[in-house]
Each structure stands twice: as C-alpha cells, then as structure tokens.
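What follows is calculated from the coordinates using simple rules that are stated; it is not laboratory data. Quantities reported herein were computed from a predicted structural model and do not represent experimental measurements. Using ideal geometry, Cβ is built from the backbone for each residue, glycine included, and neighbour counts are taken over all protein chains shown.
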Amino acid sequence: MMQAGVGMTSARTRQRLIDRLREQGIEDEAVLSVLFDTPRHLFLDEALRHRAYENTPLSIGHQQTISQPYIVALMTQLAKASAPGVRRVLDIGTGCGYQAAVLSQLVDWVFTVERIEALSFSARERLQTLGYKNISYLCGDGYQGWPRKAPFDAIIVAAAPPAVPEALKQQLAVGGRLVIPVGDDENQALRLIRRTRGGFDEEIREAVKFVPLVDT
C-alpha cells in the first residue's frame with residue numbers, strides 16, 4: 001500500500017495530529033499508528049489536500065464529508081478493530097473510502113456499503129489503486145447492512161439514523177460491537193452496542209454530528 005507522506009505532508013504534520021488524538025483520549029496504539037500511516041490527503045480533492053491533517057471533517061462532494069480523524073479513531077477504537085478477535089468488519093457509508101482504508105490495516109476483511117453510486121465507484125477505484133486488497137464493496141442501502149456477508153465482529157456506521165436499525169444489530173456476531181451515531185440534525189449521540197448471548201447492551205458515548213443515514 002502507498003504510505004503517507006507522498007508529496008503532500010511531513011511526518012511532523014502527521015505527528016501533530018496523532019499527538020492531538022492522544023490528548024483527546026485515543027489510547028489504542030495500533031489505531032494511532034494506522035492513522036499516522038494512512039495518506040488522508042489522497043482521499044480528498046486537490047483543493048482540500050492542504051487541510052488533510054487538520055482534525056476536522058471536510059467535504060467530499062454529494063453533500064457528504066470525510067469524518068474528522070478523531071471520530072475515525074474513536075469509532076475504530078470502540079469497535080476494537082485492533083483486537084485479534086475482530087476479523088470481519090462492516091463499514092456503512094464508504095464515502096471517500098478513508099475509514100475502510102484504516103480498518104483494512106487492522107482486520108482481516110472489510111465489507112463496505114455506500115448508497116451513492118458515484119462515491120462507491122470512486123472509493124473502490126481509489127482504494128484499489130492505493131493497494132488496499134482486503135475490502136469488498138457494495139452499492140446499496142446502509143439500513144439493510146450486508147446480510148449475505150454476516151455475521152460481523154464489528155459494524156461502524158458513518159451516518160446517523162433516528163433509531164438503531166434492527167437489521168444491523170442482527171448482523172452482529174455474539175460478542176460483536178456496533179458503533180453508530182443516532183439522532184436528528186440537532187441532537188446526535190454516538191452509541192456503542194454489544195451483542196451478548198442474551199441480547200444487547202448499549203451505552204451512549206458522546207455528542208457527535210453526522211450526515212443522516214438515508215433509508216432507501
């Protein structure tokens with residue numbers, strides 16, 4: 001895979017971002033290492049590449065954004081994507097492909113779903129060009145997940161439904177984790193849902209702001 005620093009950014013710039021993520025509570029060193037190495041600038045249009053290592057969301061067109069690095073790191077950490085038992089991860093909301101790229105370096109296989117055909121196509125092309133091989137792509141309804149590929153050890157959702165889709169909960173393996181923002185445009189919270197043998201445990205983590213998850 002192509003490594004960070006290709007023509008656009010220095011190690012010092014990337015390290016400042018990693019230091020900031022540590023200050024914000026990201027503790028998983030495997031996640032931080034992958035964030036350092038992943039060339040976020042290559043997932044953005046050229047006009048925005050100079051801002052790639054700011055800790056902020058940025059537009060990727062189609063009224064969608066690339067999540068800020070802190071949110072990517074937090075959701076990945078909550079999903080325990082660096083743990084040996086987390087091997088198959090469902091990524092809802094491919095967008096530009098950045099979250100899938102991060103996950104692919106931590107797990108055996110990533111299954112990523114995007115409803116906007118142009119984004120799905122361009123993300124696949126970008127990720128394949130950069131050498132990320134352990135990713136499967138689906139253009140479809142994120143509400144429905146990817147039932148044919150279930151169960152998943154973790155599911156990460158990069159858009160907010162008003163309530164947790166039951167289909168996604170049912171596609172978790174026992175012991176699996178669903179990390180999802182839930183709420184409306186004014187009030188969203190990141191939730192962590194764990195599947196147990198007896199049902200589901202849920203906790204609210206922090207306030208967030210995501211584009212809505214559209215039920216098609």
Fill in the blank from the handout: Taking Lys and Arg as +1 and Asp and Glu as -1, residues besides residue 163 with C-beta under 13 Å from its C-beta add up to -2
Exercise for the section: List, in order, the whole-Hz ³J(HN,Hα) value for each residue of the stretch 33-47 obtained from phi through the Karplus relation with A = 6.51, B = -1.76, C = 1.60 and θ = phi - 60°; use x for Gly and Pro. Expected result: 4, 5, 4, 5, 7, 7, x, 4, 4, 7, 9, 10, 5, 4, 5
Practice task
With a Förster radius of 25 Å, plug the Cβ-Cβ distance of residue 204 and residue 63 into 1/(1 + (r/R0)^6) and report the FRET value to the nearest 0.05.
Solution key: 0.40
Handout entry: Hits among lysines - C-alpha to C-alpha of residue 149 under 19 Å, sequence gap 8 or more where chains match
Key = 133, 169
Exercise for the section: For residue 208, enumerate residues with amide H under 5 Å from its amide H, sequence gap 5+ or separate chain, H modeled in the peptide plane. Expected result: 188, 189, 190
Fill in the blank from the handout: Under the Karplus relation with 6.51, -1.76 and 1.60 and θ = phi - 60°, whole-Hz ³J(HN,Hα) for the stretch 189-196, x at Gly and Pro, equal 9, 7, 10, 10, 10, 10, 8, 10
Exercise for the section: With everything on Cα atoms, drop me the angle between helix 117-130 and the longest principal axis of the chain, reported from 0 to 90° to the nearest 10. Expected result: 60 degrees
Handout entry: Label-point gap, in nm, between residue 192 and residue 128 - each point 7 angstrom along Cα→Cβ
Key = 3.6 nm
Problem - Qualifying GluC sites (Glu not before Pro) for the stretch 1-101 [loop in DSSP, other Cβ within 10 Å: at most 10] - result: 27
Fill in the blank from the handout: Per the charge dipole of the stretch 57-207 (beta-carbon charges, Lys/Arg positive, Asp/Glu negative, Cα centre), the residue among 178, 189, 110 reaching farthest to the positive end is 110
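What does the charge dipole of the stretch 57-207 about its Cα centre add up to, to the nearest 20 debye, if the Cβ of each Lys and Arg holds +1 and the Cβ of each Asp and Glu holds -1? All intermediate terms of the calculation are to be shown ahead of the outcome.
On the way: 16 positive and 15 negative charges, 138 e Å.
Computed charge dipole of the stretch 57-207: roughly 660 debye.
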Fill in the blank from the handout: Ordered by number, the GluC sites (Glu not before Pro) in the stretch 122-216 that occupy a DSSP loop and have at most 11 other Cβ atoms within 10 Å are 186
